Structure formats: structure tokens, C-alpha cells
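What follows is a single structure, written as C-alpha cells, with notes after it.
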Amino acid sequence: MKIIAAFFRLVRWPNLVFIVITQLLFNYCIYRHVYGTTTGSPAETRQLLFLILASILIAAAGYIINDYFDLNIDQVNKPGKVVVNVMISRRWVIFWHMFLSLLGLFFTVLALPVAEYWHLVLGNLASIILLWFYSTNLKKRLLIGNVLISLLTAWVIGIIFFSKYLVKINGPLVVDHNQIRFFRLTILYASFAFIISLIREVIKDMEDREGDRKFGCRTMPIVWGLNASKVFIAVWIIVLLAVLTIIQLYVLPFGWWHSALYCLLFIMVPLIWILLKLFKAQSSEDFHRLSTVVKLIMFTGILSMIFFRIY
């Protein structure tokens, strides 16, 4: 049982559940709301199921390989939570990374006909390769690793969007009103996922700066310092608050009072709290608390998709 518990901790099972919830809500609350459908065909349901499996398998493989290469750093930053070489041997860690990566790619091919959706198969293949390079090299570089993880977070939503349409290189481009609306909502939630993930990644770098510095990482808090990193985060929080305010002012005339109140209480107020606490934070515990709140904001932000089903 300890090995099983260690494996689930290694693959960050709460994050995998979050991916499942995100893709299910995006399909059932956004896509079906836009197109006015309540049920999907068996083929559509099968496609969604396989894409979700592919996403969580590739993400799990990414977490595994990240812990494999971060072993020395984790022994400094979080010695009590290390799984690699303590509960599970390094050889088995590499095996599970390769097995889950290939299985994720297999389900991608099952979900999407390669001849028509080759670009999405390549997208998931690129995700696997980029997660490897992130863990081996890019994570230690200034901002590149943070942006990459944020893009891959947005890809969780993006792959569901692109799976609904064929990309035609030849022939006339025909776009209807529903496609434009669906595209706008995709951009909205993918951008939210990107920005909130970028904020959290930098905060995590601030939390882990001691171990990162010891092993030669050049993350933002190490290269720019804590104060400049805090300003970087604050700018993105202000941008996010401004966009959310504009969106709520736009939807209020349509009577979306409940969604506006939800956004204010569960997304905007916590963001303001982070902004106020950010410049007072100094210890790893302070930054860990901020990172946890950012993760909760990401969750409440994704849950806001439910309002599209209600209205």
C-alpha cells in the first residue's frame, strides 16, 4: 500500500483530477452550451474519453520525470516528500515515465484519426518531448521553463477545442457564429489558465529558491531577486483583475449576477489577497501558502464554466 500511495504522490494525482474536471467541464459546459446540444454521439464520447486519458497519462509522465531529475533539489527543498530512490527506485521511475508517455500517445492516436488530426498527435508528442527537456534543462533557465509549463497548462483546454474541428489547408475557410463564440471562450479560459499558471510557477520558484540556488538553477528569484519577481507577479495579477472586471461589466447587462458575484468572491478577492500578501512574504512557508491559494483560484476559475450550463 505504501508503494501505491507513493506512486500516486509521484504522479500528483490531485493535479490529474483537476485536468479531468477541466476537460469535462469545457466539453459539457462550454462546447455543448455554444452548440445547444445536451448529448453527444458515441464517437464523440469515445474521443473525449481517450483525449482525457491521453492528457492525464502525459501529465503524469511529466511529473514523474520532473521528480527524477529534481531528486537532489527536492532533498533540500522538501526532504520529507521525496519518493524517487526512497520509495520507488530510479530504474522503475524511468520505466513508468516511458510507459505512461507511450500510453498517452497511444490514446491520442485512438481518439483522433491521424490522417485528419495529425497536428494534435504531434502536439501531444511535442508535449512529451518538451516535458523531458523542461525537467533536464529548461526548468533551470530564466522564465523559459515557467512559460513552457503555462503553455502546456493552456494546451489542456486547447486540445479539446482543436479536436472539434478539422484544419483544412486547402479550400475556402468557412467560419460560423458558433465557431467564433466557441473560439472566444477557448481563448478566455486558455489565457486564464496560462496567466494563473505562470503566476504560480514563479511563486513556486520563490518557494524553492534555496535548493535551486545550491544546484545552479537560474530561476527568476535567483537571477532577478525576490523584489523584482514579486513585481512581475503583481503585474500579471493586476492584468488578470482588469480583464476579469471588464468581463463582469460585460455580462451584467445580460443578468449574469450570480456568475459576477462568484467571480468577485472566489477569484478576484483571493487575487487581491495574494497581491496584498505578496510583498510581505519572505519565507518558503509564506510562498507555499500563496502558491496553494493560486491553485485554488485556478480551480474556482475553471469551475466558473458551470455558469454557461446554467444560463
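The values are calculated or read from the model by the stated rules, or taken from the named source; none is laboratory data. Given the structure is predicted, the values throughout are model-derived calculations rather than measurements. As a convention, Cβ positions derive from the backbone with ideal geometry for all residues, glycine included, and neighbour counts pool all protein chains shown.
Looking at V235, V231, V243 in this structure, which one is closer than 24 Å to F26 by Cα, at pLDDT 95 or above and either surrounded by fewer than 19 Cβ atoms within 10 Å (Cβ to Cβ) or of a type in the set (S, T, N, Q) (or both)?
Answer to the selection: V243.
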| Out of L265, L275, L290, sole residue that is in contact with a Lys or Arg (Cβ under 7 Å, 6 or more places away or on another chain) and either part of a helix (DSSP H, G or I) or over 15 Å from F308 (Cβ atoms) (or both) | L290
| note | Of G216, G171, the only residue that is of a type outside the set (A, V, I, L, M), at pLDDT below 90 and closer than 22 Å to T136 by Cβ is G216
| task | Only helices (runs of 4 or more DSSP H) wholly contained in region 73-181 count here; list those with 3 or more residues that are at negative phi and more than 21 Å from the chain's Cα centre (by Cα). | result | 90-111, 114-136
| Check on S259, touching a Lys or Arg at 6+ places or on another chain (Cβ under 8 Å) and surrounded by 15 or more Cβ atoms within 10 Å (Cβ to Cβ) | no
| message | Just to be sure I understand the filter: pairs with C-beta atoms under 6 Å, separated by 6 or more residues or on different chains, first member in region 1-27 and more than 24 Å from Y189 (Cα to Cα), second member surrounded by 15 or more Cβ atoms within 10 Å (Cβ to Cβ) and modelled with pLDDT of 95 or more. Which pairs pass? | response | L10/I64; V11/A60; V11/Y63
| query | If you scan region 296-311, which residues turn out to be surrounded by 15 or more Cβ atoms within 10 Å (Cβ to Cβ) and not in a helix (DSSP H, G or I)? | reply | S304, M305
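A quick yes/no check of all residues on (1) surrounded by 22 or more Cβ atoms within 10 Å (Cβ to Cβ); (2) over 17 Å from T153 (Cβ atoms); (3) touching a residue at least 12 places away in the same chain (Cβ under 8 Å):
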residue	(1), (2), (3)
S41	no, yes, no
L57	yes, no, yes
A61	yes, no, yes
N66	no, no, yes
N72	no, yes, yes
N77	no, yes, yes
K81	no, yes, yes
| query | Counting just the residues of region 39-56 that are in contact with a Gly (Cβ under 9 Å, 6 or more places away or on another chain), closer than 14 Å to L110 by Cα and among the aliphatic types (A, V, I, L, M), which one comes out modelled with the lowest pLDDT? | reply | L48
